[in-house]
1. Give the residues of the stretch A:454-465 that are touching a residue at least 40 places away in the same chain (Cβ under 8 Å) and within 7 Å of another protein chain (Cβ to nearest Cβ), sorted by residue number.
2. If a residue must be more than 17 Å from A:Ala165 (Cβ to Cβ) and in contact with a helix residue (DSSP H, G or I) (Cβ under 9 Å, 6 or more places away or on another chain), how many such residues does the stretch A:219-257 contain?
3. What is the number of the single condition among (1) within 14 Å of chain A (Cβ to nearest Cβ); (2) touching a residue at least 60 places away in the same chain (Cβ under 8 Å); (3) part of a helix (DSSP H, G or I); (4) over 24 Å from B:Arg25 (Cβ atoms) that B:Ala167 does not meet?
4. Being of a type in the set (Gly, Ala, Ser), assigned to a loop (DSSP other than H, G, I, E, B) and under 26 Å from A:Pro134 (Cβ atoms) is the filter; apply it to the stretch A:195-234 and report the residue that is farthest from the chain's Cα centre (by Cα).
5. Given the conditions (1) touching a Ser or Thr at 6+ places or on another chain (Cβ under 7 Å); (2) assigned to a helix (DSSP H, G or I); (3) more than 10 Å from every other protein chain (Cβ to nearest Cβ), and given that B:Leu240 satisfies all but one, which numbered condition is not satisfied?
6. Within the stretch B:1-55, can you find the residues that are aliphatic (A, V, I, L, M) and out of contact with any strand residue (DSSP E or B) (no Cβ under 8 Å at 6 or more places or on another chain)?
7. Looking at A:Lys439, A:Lys488, A:Lys420, can you tell me which residue is touching a helix residue (DSSP H, G or I) at 6+ places or on another chain (Cβ under 8 Å), farther than 30 Å from A:Asp120 by Cβ and of a type in the set (D, E, K, R)?
8. In this structure, does A:Gly482 turn out to be crowded, with 20+ Cβ neighbours inside 10 Å and either in a helix (DSSP H, G or I) or modelled with pLDDT under 95 (or both)?
Amino acid sequence: MAKKIIPALDFKGDWNYSPAPEDTKHINLQKQYELFIDGKFVKPAKGKYFDTINPATEQVIAKVAEADDSDVNKAVKAAKTAYDKVWSKMPAKEKGKYIYRIARMIQERAREFSVIETLDGGKPIRESRDVDVPLAANHFFYYAGWADKLEYATPNRVSKPYGVAAQIIPWNFPLLMAAWKIAPALATGNTVVLKPAETTPLTALKLAEIIQESGLPPGVVNIITGAGKTGAALVNHPDVSKIAFTGSTDVGKLIQKSIAGTGKKATLELGGKAANIIFEDAPINQAVEGIVNGIFFNQGHVCCAGSRLFVQESVADIVIKKLKDRLETLIVGDPLDKNTDIGAINSKEQLNTINKYIKIGKDEGAEFYQSSCNIPSKGYFCRPTLFINASQSHRIVQEEIFGPVLTIQTFRTVEEVIEKANNIPYGLSAGVWTDKGSKIFNLTTKLRAGVVWANTYNKFDPTSPFGGYKESGFGREGGMHGLMGYLKF
Amino acid sequence: MARLNILKTYKIYIGGQFPRTESGRYYPLLDKAGNTLANICLSSRKDFRNAVVAARNAQGSWSAKPAFNRGQILYRIAEMLEGRKSQFLEELTVQGITLKQAQAEFEISVDRLVYYAGWCDKYQQIYGSVNPVATSHFNFSVPEPTGVVGIIAPNNSSLIGLVSAIAPVIAGGNTCVVLASEKFPLCSVTFSEVLNSSDVPGGVVNILTGKSSELVSHFSSHMDVNAMIYCGNNKEEILLSEQNATINVKRVFVYNQNWMQENAQGAHYIMDAQEIKTTWHPIENIGGGGAKY
């Protein structure tokens, strides 16, 4: 039987959109940001600052304080005092009301947050506006309601907060991760020292402004900025009882090691390398959209990204053809433009990592394919990239790239794809595309991953627990399960 | 001429078999008077690794068993244990506790198995959830077994600690490799015989004897062990375990309970060796919404 030829779409000419950039005039940014400790913005002890830049333009947006050990100590002490003197004594329903108030204030300033998130991190404004910021507000709103209902979440056991929670978050969803961390910690009665990532500190510092305005008692939430050294000082501080970390598996392991024997409790949300599995009976066009959303959402800077595509052999040709066509329609460019699908890579360092893996992939012999789109000459950008006919043993298949790079493998049987999907140290998420319900449940029960999306991908919700199996970490964030990491018995 | 008694050879339990230790080494277990009660296997790293392979091989089918069936099997363990009461009482007393203490320990051990047998098909309903997400999706979370669990059983008891550590782990669909009490190992070997005759598939529980000081680093550093339960309070061994565990982000739980207490049990022990899996599926939204029926 002759193969059905699908005519390629003509992407030249008619597919140009007029620029539709989001206005930036309404935002309120300072030239320099201090540390938020004990309810006040204070200068760092050593007076050191670092630049945060816009990855789409390479221009400096602001200077940000670098916290050293003494600043960390000050922040933890403030959190400890606030816990002992105020937060642990406050009635739960009052604590909840503060969290509700923070949720409302984020909603009121959603537009400003979206623009700053996009400026500082490079993600498309559509995603900041429709995903990051509303979900962050919703997360506070959801956990606010738990504050005075905790006894329902821990059947037959009486829970207590840990005290001071040290929280370290990554640069891929800066405000959203701050919300994922702070909201459940406060609802369970802990106080917080949060460190945002050094490339994306601005929305967390804007959140600090909201927290200050909300009247939350000083020291209940402290936000300090800096790089790995600041994070290490925070993790190792003796008054910290609980660590919540989202980031790479390598750093997660370092944290797990550094708190060994200390009795500190940790939840770790680490790397991933999700299998996104397309069966021959899947709705192909929807699946192709799901593949695109799975790997190119947020430039692929997503720990649960569907970075390993498995396509059943009988439909591989058509899926790859449609995927290539779809890639051509993706707009890579100005993150502030509302037409943009793929924004800027978060930092030069990350762009180098992605390019390193693209070279490794070529050297390993997988078939390399990139969209032919234009990318801006300034800023950090990467075309959407496919590696077709990748092998299970390839480094680009085994290691997390954290960029818009998709490996494609084919399979014949259900057994084979389960084996391949699970044969990896990670276990954060997975995707399954098929119209057959029983097949979905066969796969969703056998895939060793904490989140499984069936006929959808990259969906998040405050009520939905998120977190990994195996080397993708432990503990859950979101939902009732997200409370457990902040409660002791 | 007086009849010569047949002494029992205490072997280890791996994959449903009773091999001797690969190490060829033994330690003598003495009673209070200093008489040798038995020679106990000093399990080696190789024994441990074999046990992990057995546990991994058994993992898929054990976790796939209907929860109801797992409950029946745990109940069957309790039945078989009860049936060997006199042998356990003898082993407990010969290791140095009074008959009264032995009776109490034995009874709590049987009851604990019955307790966890009952949990096998219930904890999922307590700890699972259907999540009311804001988008048009059906979203639910269920607990699933973490996988292969390494257990360093409490050193200060022969039976109750062993049972209390193993039961919640296998009730939750995990398989395990257990290091029995070095000081009181006799019951562990006899308990293996109970397991072996109770419909527990080979490899679901593997029991080694030997020294924690020799084996704890292997338990904690093995790449195919997903979680580790350390029962005791040896700070050095806890530190070592938690440090080694980072090699594969192993989950480590330290228990230091008095297992003889009636309340030293609960579904949260099952949940320690569980992962929460969340599944999403779209819900079609066509028709019906505005209908007046």
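1. Once the filter is applied, which keeps residues that are touching a residue at least 40 places away in the same chain (Cβ under 8 Å) and within 7 Å of another protein chain (Cβ to nearest Cβ), the stretch A:454-465 yields A:Asn455, A:Thr456, A:Asp461, A:Thr463.
2. Counting residues in the stretch A:219-257 that are more than 17 Å from A:Ala165 (Cβ to Cβ) and in contact with a helix residue (DSSP H, G or I) (Cβ under 9 Å, 6 or more places away or on another chain) gives 8.
3. (1)
4. A:Gly215
5. (3)
6. B:Met1, B:Ala2, B:Leu4, B:Ile6, B:Ala33, B:Val53
7. A:Lys439
8. Working: crowded, with 20+ Cβ neighbours inside 10 Å: yes; either in a helix (DSSP H, G or I) or modelled with pLDDT under 95 (or both): yes.
Judged against the criteria, A:Gly482 is a match.
The values are calculated or read from the model by the stated rules, or taken from the named source; none is laboratory data. Predicted model, so just to flag it, every value in this text is computed and none were measured. All Cβ positions, glycine included, derive from the backbone under ideal geometry; neighbour counts span all protein chains shown.
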